[in-house]
1. Considering only the other residues whose Cβ falls under 13 Å of the Cβ of SER74, what net charge follows from Lys and Arg at +1 and Asp and Glu at -1?
2. Going highest first, how would you order 91-102, 32-43 by mean Cβ packing within 10 Å?
3. Sort PHE87, PHE78 from largest to smallest accessible area, using a 1.4 Å probe on the heavy atoms of the protein chains.
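The values are calculated or read from the model by the stated rules, or taken from the named source; none is laboratory data. This one's a predicted model, so the numbers in the text were calculated from it and none came from an experiment. Every residue, glycine as well, gets a Cβ built from its backbone with ideal geometry; the counts of neighbours run over all protein chains shown. The area values use the complete protein model at the heavy-atom level, side chains included, leaving out ligands, DNA and RNA. Shrake-Rupley method; radii C 1.70, N 1.55, O 1.52, S 1.80 Å.
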Amino acid sequence: MSIISTLLQLFRRPAVRPAAAVPDTTWPLWRQGDILIRRVDKIPDQAQRSPVPHGILAHGELTGHSHRLERPQSALLFQGAITLGEFFLDARRAGARIVHEEHGPIELPSGQYRVWRQREYAQREIRVVGD
């Protein structure tokens, strides 16, 4: 069986995720370059709080620009929950604003969010998209 047919079979299978991390599909999906954001009902219990002193959520490998919280204190960051490159934000009462030098800002209302990097297929691997 070829690598491509194996990957196609894997992608056809529904992903099995803990119920707490599965977002309600009625929530909107935001995209800022290679970053995707969706509101969730609850941050998974296994996610651990991680400090974000400068508010940087993801660095752009190609441009050096970053996706970051305009006000670092506006949200708490949680990592290590489900997959590599995925993390969660707990936007405080006033919500959070995510900015980037090349993309428009995203205004997140107060709530909890799953954030992950877009992925792409390259020959023999699936990798995170470079921004």
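1. Cβ neighbours under 13 Å give a net charge of +2.
2. 32-43, 91-102
3. Largest to smallest exposure gives the sequence PHE78, PHE87.
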